[in-house]
Amino acid sequence: MCIETKMQGRSPSSGFYRALTCGAALLLCAASAQAEGTPIPHGTLELIARNQWIAAGQTLDLGLRFQLEKGWHIYWVNPGDSGEPPHVEWQLPAGLTAGAMEWPTPRRLETASIVDYGYEDTVLLIVPLHAAASLAAQQPARLGAEVKLLVCSHEMCIPGKAELSLTLPVKTQPAAPDAGTVDLFTAARKAMPRPAPGNWRFRLADANDSFVLSVNLGHQITGHRVTQAIFFPLAESQIENAAPQELLPVATGFRLTLRKSDRLLKPIERLKGLLVLSADRSYWIDVPLGKPGAARSKAATVLESTQYNP
């Protein structure tokens, strides 16, 4: 097994793909809807489905359910100062197509000098599976997934690989939820970021060594002002992840000052990412630099750019 010491920063050639070549343990097994999780470094991984079968012309939520030991984590689509997000290669029958992975709101994983973005404990990464309308009832469909991942503590990282599979019937009638998994998907959906409300207005200004994000919530705030706001950038090397994000409440919203990254080599045109106001309030935003702009109305327009393509 190859164990990497966790270090600040990454070069384009670094990451777990290079680490995998040094002999990381390949943890291979097949999983079914009722199977126990597949072992991964310091945890387990399971491929599950929300419904009992695949229905033609419908979308089925698949899920990669990670259960991690205390003190270990995996990464968001932008991992922050170190790490790599999980990557999946699908093996699917004709007529079935996997969509972009949907990322829950991450946590800031802080050490003395760096900040990463990721997930601890248990997390469900959802992937929509699109079934063609022409898909006919046939033999049960085998859904295969090869997952490459990096599992880290604050001191070290261990690359791993798992091969998962799930076999589901294909039927013509609308699919019924699986009683064993539906609650997991319902909870995960509630925790997903959502589009920012249509009446919110955003402005992004360049302030030399910082970006200033101004958020107008569309009404005069009385009594309870915004006292917490954290921004997670979708792209790497735009802001300094470990720098404090200075929040200034104002009558109609707030301003958030984000220090520019030392690795930002050219001006940006827009700032995309997650704006988190509380444990259950996170929003995708996409704001152009230098002029007012509203967040895009559909999270999918942002999610299209979050699929990890090595």
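Points worth noting:
- The condition (being touching a residue at least 60 places away in the same chain (Cβ under 8 Å), open to solvent by less than 80 Å² (accessible area, probe 1.4 Å) and out of contact with any helix residue (DSSP H, G or I) (no Cβ under 9 Å at 6 or more places or on another chain)) is satisfied by just one residue among A229, A243, A251, A188: A188.
- Residue match in segment 174-185 (condition: open to solvent by 50 Å² or more (accessible area, probe 1.4 Å) and part of a helix (DSSP H, G or I)): yes
- Residue in segment 88-104 that is open to solvent by 30 Å² or more (accessible area, probe 1.4 Å) and of a type in the set (F, W, Y) present: yes
- Residue list for segment 38-80, filter: closer than 30 Å to K171 by Cα, small (G, A, S) and assigned to a strand (DSSP E or B): A49, A55, G63
The values are calculated or read from the model by the stated rules, or taken from the named source; none is laboratory data. None of these values were measured; they are calculated from a predicted model. Note that each Cβ is placed from the backbone with ideal geometry, even for glycine, and that neighbours are counted across all protein chains shown. To get the accessible areas, we keep the full protein, side chains included, count just its heavy atoms, and leave off ligands, DNA and RNA. Shrake-Rupley method; radii C 1.70, N 1.55, O 1.52, S 1.80 Å.
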